[in-house]
Amino acid sequence: MTTLYEGAFAKLNLTLDVLDKREDGYHNLQSVMQTVSIRDDIEIDVGTGKPWTLACDREGIPCDSSNLAWKAAEVFQEFSKKDLGGIAIRITKRIPSQAGMGGGSADAAAVLRALNAHFDYPFSIMALAELGAQVGSDVPFCVLCGTAMVEGRGERLRKLPDMPKDCVIVVCKPDFGVSTPELYRKIDQTAIAHRPDNRAMESALLEGDLGKVCAQIYNVFDPLVTEEHLEMNYIKSIMNSYGAIGFQMTGSGSAIFAVMPNFEYAAVVCNMLKENYPEVYICMPV
Ligand code: C5P
């Protein structure tokens, strides 16, 4: 038996645009995604000779075959034709749940990366990302990591220049969660007034200009969630008052992130928000 260790990194959506609805019921997206340093830790015992198990230190996370990490191992076994010989997956959770930070997808991607390395890379990184699409929409990006343009349902990836690293990011997860399917239903009935300019975002990344990148941060879901949860405005006003260069909800929410110019400013925003919210984090783009 061998034990594998892999980090599972959270993502933020710097931009998120929802395009047309597809025949399979999903929506085509166009999103610039960014990996950040908030991470879960994954341990996998391979070759246990026993039935598969999964354990997680956070309550409410499914510990059976419905967990994306388990599905990832199934998909890897099926497509690589490698016999895993029984596995035990352990997840140490730090990525907030129901936040729009791809926590479950990050775990699944980490399982794919760890198994791929263990079996001496039967898949290239792009083939592994493609395999990830069988597990969930955000998994391909979580396999690739860094900064990327994500299109289709999440399966079409294009690496972009890294987000400028001269910043610190504060993430605040309010107490409420958002139902992703309901939000997609709502956006189908809404005329989208403003959309992100992904070409301008790409140019800003090419220039490596943090101010220009932050000026292009925009998520079409943000106003839909904010109109139902006005406390989002309170969180954003704290971020804005204390020097955020850009701020926005990530994914389908409900976490909001702020790009801060340095650690000192980030610490002030973090302390202010902690007075009302237990889940506030400081992280970096990676
Ligand atoms: O990918 P995830 O399981 O988070 O998606 C949850 C739901 O969100 C899907 O069942 C679908 O209703 C909606 N969705 C969508 N288009 C996407 C991603 C999600 O319509 N690209």
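So how many residues does the range 1-30 have that are of a type outside the set (A, V, I, L, M, F, W, C) and either crowded, with 16+ Cβ neighbours inside 10 Å or within 30 Å of Leu210 (Cα to Cα) (or both)? Residues flagged as of a type outside the set (A, V, I, L, M, F, W, C) and either crowded, with 16+ Cβ neighbours inside 10 Å or within 30 Å of Leu210 (Cα to Cα) (or both) within the range 1-30 amount to 9. Of the candidates Pro261, Pro285, Pro278, Pro181, the single residue that is in contact with a Gly (Cβ under 8 Å, 6 or more places away or on another chain) and either free of Cβ contacts under 8 Å to residues at least 60 places away in the same chain or farther than 17 Å from Asp17 by Cβ (or both) is Pro261. All of (1) part of a loop (DSSP other than H, G, I, E, B); (2) aliphatic (A, V, I, L, M); (3) within 24 Å of Arg153 (Cβ to Cβ) hold for Leu112 with one exception: (1).
For the range 77-103, the set of residues classified as under 12 Å from the mean Cα position of the chain (by Cα) and crowded, with 24+ Cβ neighbours inside 10 Å consists of Ile95, Ala99, Gly100, Met101, Gly102, Gly103, listed by residue number.
Whenever a residue of the range 224-241 is of a type outside the set (D, E, K, R), its partners that are open to solvent by 50 Å² or more (accessible area, probe 1.4 Å) and assigned to a helix (DSSP H, G or I), lying with C-beta atoms within less than 7 angstrom and at least six residues away or across chains, give the pairs Thr226/Asn233; Ile238/Met272. Consider the range 31-76 and keep the residues that are in contact (Cβ under 8 Å) with a residue 40 or more places away in the chain and among the charged types (D, E, K, R). The one that is least open to solvent (accessible area, probe 1.4 Å) is Asp40. At least 2 residues being surrounded by fewer than 20 Cβ atoms within 10 Å (Cβ to Cβ) and over 17 Å from the mean Cα position of the chain (by Cα) is the threshold, and among the helices (runs of 4 or more DSSP H) wholly inside the range 134-219 those reaching it are 180-188, 198-207, 210-215.
Looking across Asp24, Asp20, one residue alone is of a type outside the set (Phe, Trp, Tyr), within 13 Å of the ligand (Cβ to nearest atom) and either at positive phi or not in a strand (DSSP E or B) (or both). It is Asp24.
Every test in (1) more than 16 Å from the ligand (Cβ to nearest atom); (2) within 21 Å of the chain's Cα centre (by Cα) is passed by Val32 save one, and that test is (1).
The values are calculated or read from the model by the stated rules, or taken from the named source; none is laboratory data. Note that the structure is a prediction, hence the values are computed from the model and not measured. Note that each Cβ is placed from the backbone with ideal geometry, even for glycine, and that neighbours are counted across all protein chains shown. Accessible surface areas use protein heavy atoms only, side chains included; no ligands, DNA or RNA. Shrake-Rupley method; radii C 1.70, N 1.55, O 1.52, S 1.80 Å.
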